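One structure below.
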Amino acid sequence: MLICFDYDKMENELKLLKHRIFNIKINIFFVCSGLLWIFSPNGIDAVESYSRDSAHRGVVDLAPYQIYPENRMGNGIYLNKKLLATHPQRVILNIVSIKDTESHVYLFRGENGVLGLNIVKGETDGEARFWQVDPEFYQYSNNTTGIKRIFRIFRNDVKPVLPFLRTGSGVSTSATHAVFYHVSNSKEITYLNASGQEITGRIYTFRLHVINRKLDGFKSIFNLQIQDVSYSLKLVWENEHSVSYKLANGKKHTVDLLKYVPELF
């Protein structure tokens, strides 16, 4: 009996088997390293010895946060060794806290290479909202606490915008710029409504801020006072350098930003 062997087919199957074994070893390495990091009293030092190259350093220490492993799809973000977030189709790159809350915002790169932001809510932040305005800007709002925050993706990093004020909101964007506001003051007033009835309420003062998308930071407009009985202000771009808004009484106003911050245009 003559037996023939297809050596090319056998060689290909052997290469495929070797490749699968290699991937299994890699996965075992990450799992074991992660367990070692979590349970070791030396924490990060115990895993850093397994670093492979400059682009995959093992654990990235962003005290008090840690990212593990670096630059790997499906990696995780930890706070004092407690897992905060992971996603199988994302590479987590950085994270910041949302000031005055127990929540966090992290920067990730998706499978398509596009950067994005996502929130990790704290236990007391269940009613909070976090949404995308456009690919660069995101907003956070908690109606219970009144805290409003703005976040920006700039130069491959996550940037809290106006982090030390609690009412940053109302982001409106054009192709080249962004404008937003915060409530700089409020006071109780008495006024007449459309029916002539006397109403007691509050009047809010808004301050506008302008961003050039090519630049870091923003410019605040101090010599423009916008006041309304509504707590929010909707800003709409009219042209390359002007935005409009409507007050609660229906009156429309237009602001020429070029007049106030010409250095951004």
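The values are calculated or read from the model by the stated rules, or taken from the named source; none is laboratory data. Predicted, not measured: the structure shown is a model, and the values here were computed from it. FYI the Cβ positions are ideal-geometry reconstructions off the backbone, even for glycines, and counts take in every protein chain you see.
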Quick check: anything in region 100-107 touching a Lys or Arg at 6+ places or on another chain (Cβ under 8 Å) and under 17 Å from Gln139 (Cβ atoms)? yes
Quickly run through region 117-136 and pick out the residues that are surrounded by 16 or more Cβ atoms within 10 Å (Cβ to Cβ), assigned to a strand (DSSP E or B) and not polar (S, T, N, Q). Leu117, Ile119, Val120, Phe130
Quick check on this structure: which one of His253, His209 is touching a Phe, Trp or Tyr at 6+ places or on another chain (Cβ under 7 Å) and loosely packed, with under 14 Cβ neighbours inside 10 Å? His253
Any hit, region 217-224, residues being polar (S, T, N, Q), modelled with pLDDT under 95 and over 25 Å from Asn143 (Cα atoms): no
Considering only region 144-156, I want to know if a residue exists there that is without any contact (Cβ under 8 Å) to a residue 40 or more places away in the chain and not in a loop (DSSP other than H, G, I, E, B). yes
Filter region 195-206 down to residues that are polar (S, T, N, Q) and in contact (Cβ under 8 Å) with a residue 12 or more places away in the chain and give me whichever is surrounded by the most Cβ atoms within 10 Å (Cβ to Cβ). Thr205
Among the numbered criteria (1) closer than 27 Å to Thr145 by Cβ; (2) in contact with a Lys or Arg (Cβ under 7 Å, 6 or more places away or on another chain); (3) surrounded by fewer than 19 Cβ atoms within 10 Å (Cβ to Cβ), which one does Ser244 miss? (1)
Looking only at region 206-257, filter to residues that are of a type in the set (Ser, Thr, Tyr) and in a strand (DSSP E or B); which one of those is farthest from Ser186 (Cα to Cα)? Ser242
Taking the residues in region 212-225 that are of a type outside the set (Gly, Ala, Ser) and free of Cβ contacts under 8 Å to residues at least 40 places away in the same chain as candidates, determine which candidate is surrounded by the most Cβ atoms within 10 Å (Cβ to Cβ). Leu224
Is it the case that region 164-180 has a residue that's over 25 Å from Arg129 (Cα atoms) and among the polar types (S, T, N, Q)? yes
Kindly indicate which of Asn185, Asn112 is more than 20 Å from Leu79 (Cβ to Cβ) and in a loop (DSSP other than H, G, I, E, B). Asn112
Tell me, which residue of region 150-173 that is within 15 Å of Ser103 (Cβ to Cβ) and more than 10 Å from the chain's Cα centre (by Cα) is modelled with the lowest pLDDT? Pro163
How many residues, within region 194-209, are of a type in the set (D, E, K, R) and over 31 Å from the mean Cα position of the chain (by Cα)? 2
Picking from Val179, Val183, which residue would you name as being under 24 Å from Phe154 (Cβ atoms) and in contact (Cβ under 8 Å) with a residue 40 or more places away in the chain? Val179
Looking at the structure I just gave you, is Leu192 of a type in the set (A, V, I, L, M, F, W, C), more than 19 Å from Gly146 (Cβ to Cβ) and free of Cβ contacts under 8 Å to residues at least 40 places away in the same chain? yes
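Please tell me if Leu162 is among the hydrophobic types (A, V, I, L, M, F, W, C) and over 28 Å from Asp125 (Cβ atoms).
Here the answer is no, as Leu162 does not meet what is asked.
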Give the residue, chosen from Ile147, Ile189, that is in contact with a Gly (Cβ under 7 Å, 6 or more places away or on another chain) and either surrounded by 14 or more Cβ atoms within 10 Å (Cβ to Cβ) or of a type outside the set (Phe, Trp, Tyr) (or both). Ile189
